[in-house]
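The values are calculated or read from the model by the stated rules, or taken from the named source; none is laboratory data. Predicted, not measured: the structure shown is a model, and the values here were computed from it. Glycine also receives a Cβ, built like all others from the backbone with ideal geometry; neighbour counts cover every protein chain displayed. Accessible surface areas use protein heavy atoms only, side chains included; no ligands, DNA or RNA. Shrake-Rupley method; radii C 1.70, N 1.55, O 1.52, S 1.80 Å.
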Amino acid sequence: MDTGKIRVRFAPSPTGLLQVGNARTALFNWLFARRMGGDFILRIEDTDAQRSEDGHEKQIIEDLCWLGLNWDEGPNETDAGERGAFGPYRQSKRMEIYAAHTKRLLLEEKAYRCFCTAEDLEAERKKAVAEHRPQVYSGKCRRLSKAHITQNLTKGKPYAVRLKIPDHPIRFHDMVRGDLEFARGTISDPILVRSAKGGGNGASPGIPV
């Protein structure tokens, strides 16, 4: 997607009311979009089904309207509909999109299934603390054979999907701090999709892949 315009978004979670810090983030994004002639997008992060509430979403929208922070794309102010060309603007409505991309990353071996339980991860963390090492995931599920993965899937074992971080230092340019570099051993393979069955990689339901 390339619209040729600045696009910024504010993505509150409807698990509570709008806080001052949230309002500050929304204000800065809104001001930047208006100054640059870009679009300000409101996206609702409602993937935590257990904690998200329609009432909280409604109140967040009302608070943004009260602050005068109007948005160009996102949920409508007065009803359950949406406006904009790149929706849905509620994360819970985008699961099929995310599932398709997750499958592609797995097929391209840019991501992998992690079957570690909460107990496994906590044991790793405690061992790292005792050995004065960075508390990062070891990546042991990276090395599972296809037969082992198939066996776990057949048993219905819960898993998360993790992104494979390259095995070399991570380098990038930050507009504020300049050129930065981080050693590979200080960064965990991040979780893209949490356990679809509520396993140890997170409490939120994931995307079946």
Q) Amide H to amide H, which residues 5 or more places from residue 82 or on other chains are under 5 Å from it, using H placed in the peptide plane? A) 76
Q.
How high is the relative contact order of the chain? Use alpha-carbon pairs under 8 Å, at least six apart in sequence, and give a whole percent.
A. 16
Q: Report the far tail of the P(r) of the chain, meaning the percent of Cα-Cα pairs longer than 20 Å.
A: 68
Q: Give the Rg/Rh ratio for the stretch 109-165, taking Rg as the radius of gyration of the Cα atoms and Rh as the Kirkwood radius, to two decimals.
A: 1.01
Q.
I'd like to compare 77-84, 25-32, 187-194: which one has the highest average count of other Cβ atoms within 10 Å, and what's the full order after that?
A. 187-194, 25-32, 77-84
Q.
I'd like to check one number: the per residue accessible area of the chain, probe 1.4 Å, reported in Å² as a whole number.
A. 63
Q: Grab the beta carbon distance between residue 157 and residue 182, set R0 = 25 Å, and tell me the FRET efficiency rounded to 0.05.
A: 0.20
Q) Taking the chain as a Gaussian network, Cα atoms linked when under 10 Å apart, which of 148, 101, 173 shows the biggest mean-square fluctuation? A) 173
Q | Rounded to 10°, Cα long-axis angle of helix 54-67 versus longest principal axis of the chain | A | 50
(Q) If you roll a 1.4 angstrom probe over the protein chains with everything in place, what fraction of the accessible area of the stretch 1-125 belongs to carbon and sulfur, to the nearest %? (A) 52
